[in-house]
Structures are given as structure tokens and as C-alpha cells.
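Novice: I am attaching a structure below and will ask some questions about it afterwards.
The values are calculated or read from the model by the stated rules, or taken from the named source; none is laboratory data. The model shown is predicted, which means the values in this text are computed figures rather than measured ones. Here the Cβ positions follow ideal geometry from the backbone for every residue, glycine too, while neighbour counts run over all protein chains shown. Just so you know, the surface numbers come from the protein's heavy atoms only, side chains and all, with ligands and any DNA or RNA stripped out. Shrake-Rupley method; radii C 1.70, N 1.55, O 1.52, S 1.80 Å.
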Amino acid sequence: MTSIDLNADLGEGFGRWRLTDDERLLSVVTSANVACGFHAGDAVTMRRVCELAAARGVRIGAQVSYRDLAGFGRRAMDVPPAELAAEVAYQIGALEVFARAAGARVAYVKPHGALYNRVVRDEEQAGAVVDGVLLADATLPVLGLPGSRLLELAGKAGLPVVAEAFADRAYTDEGTLVPRRLEGAVVTDAESVVARSVDLARRGEVDARSGRRIEVRARSLCLHGDTPGAVDLARRVRAALEASGVRVEAFV
């Protein structure tokens, strides 16, 4: 039977401000990309999400990013490789404390926002992320875009690599994500998101923004937790996947 992991970005709050409905999303997804304080999240939020995830058997992932709270980690930044590696390791280590306290462990690493997009092509920044993961835990899987420099370098370094796809993001013909600044970069129609999810899981294909059918083979499917109606959409996606014969389970 075909299987796929469902991951979502969670813990994206700070202080009294909360963006994601963590508790309800954790009843749907199988992996949680937890913000580690650099683009969102704080100690209390990280601890709470880890406790909720562990109680539900959801895998905990460190969602590392550039140090950019004001820009939600979506602004381009130039960070020296040694500094970026140290900051990636720092974020993983911080989340590991709360994961362990909840009776779990950090199970994987996924970059966020501008860093995620940068390491698709930028070898220096991708190498720095890999170095940071190795510094924190040389057994951690790295989640990223198929064909990215990040996954290539992580694999060469001996780290497990996991390709992911996005049902609610538009793709270029080359298989990269359409930048958010462009119209149509985010797929907002629920029916389309559900249909794309099934196509990605069962066929490893999706329609690019141009209309061209492209191959995107992935082991994990990302559902953004900060979109309106995210919980209901996530439930619909999971129900459609299971109805089509896809087993929904964590990749680790």
C-alpha cells in the first residue's frame, strides 16, 4: 500500500500571540515542524507543542530558520556559514530539551521560509545547514525539496534525507516553489488542494503553475498551518488520502 507522512508547521506563536491551531492540527498530522524561536515560537510554546505532540504520537521536527522574528523568517538574509551552522544546531538543541521532557525526541529537521528556499540552490547555505544538523545529531533526517542542494549535501554527509511536497503551493516547471510574492503562489481552493494531495501521494505528480504536469516524488506532504481553515482542510486531505488507499503514517 502507498503511504505518506503529513507534516505541518506548528508552534508559530510568540508570547500571547498564536498563529496556528496546534492542538487540533496535531489530531490530523503525523509529523510536527515546531518553530524553534528564530522565526516564531518561544520556550513556553515549544514546550506545550512538544507535550501535545508526544501525547498523540506525532513526530517532533525542528523547524530551523534565519533569525528573523519580525519577518516571520521569510526575508532573504546573508548569514556567514559558520554562524548559520551554529544557529541551526542551537535551535535543534533548544527543541530537544522540551521533546525529551515530554518523553520524545527531535526526530528530524526542516528549514523554514527563506532558508528553505535558499538551500534549494545555494550550496554554501545548504552546507551550513547540514553542518548544523551534524553538530546537533548526526543521525537526524533532513526534510526538504526533491532535487535540492540541501538534500544532496545531507545525503553525502550521511544524513537520512526525506523529500517533501506541497499541495497548497504552486510549482514552477523545474519543480521548485513559486515565490510567495507572485500571484497564485499559494493554492487557496480547497478542492484543488485535496485533489493535488491525492495526485502527489499516489502518482508523484502535480500540475505546475504553467499547466504542465511535473513529477514530484515525496515521502512527506506539507500542510501549512497558518492558512485560513487549515484544520478543516487538513482533515479533508487526510480523509481523501485514506479513501484513495493511501496509508497516512510518519516517515520516522
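Novice: Out of the GluC sites (Glu not before Pro) in segment 156-202, which ones are loop residues according to DSSP with at most 14 other C-beta atoms within 10 Å?
Specialist: Sparse-neighbourhood loop GluC sites (Glu not before Pro): GLU174, GLU183.
Novice: Considering only C-alpha atoms, what is the centroid distance from segment 142-166 to segment 77-120, in Å?
Specialist: 15 Å
Novice: Determine the shape class of segment 147-227: with a ≥ b ≥ c the square roots of the Cα gyration tensor eigenvalues, call it rounded for a/c under 1.5, and otherwise prolate if a/b is greater than b/c, oblate otherwise.
Specialist: prolate
Novice: Kindly work out what percent of the DSSP beta bridges joining two residues of the chain are antiparallel, to the nearest 5.
Specialist: 20 percent
Novice: Per DSSP H run of at least 4 residues, take -39500 (n - 2.57); add these up for the chain, divide by its residues and hand me the 222 nm value, nearest 500 deg cm²/dmol.
Specialist: -12000 deg cm²/dmol
Novice: Let me ask you something else. Before I look further, what does segment 1-58 give for accessible area per residue, probe 1.4 Å, in whole square angstrom?
Specialist: Heavy-atom accessible area per residue stands at 39 Å².
Novice: Calculate what fraction, in whole %, of the accessible area of the chain sits on carbon and sulfur atoms when a 1.4 Å probe is rolled over the protein chains.
Specialist: Looking at the chain in its full context, I get 50 percent from C and S.
Novice: Now, a different point. In bins 5 Å wide, starting from 0, what share of all Cα pairs of the chain does each bin hold, as a percent?
Specialist: Binned Cα distances yield the sequence 1, 7, 15, 19, 21, 18, 13, 5, 1, 0.
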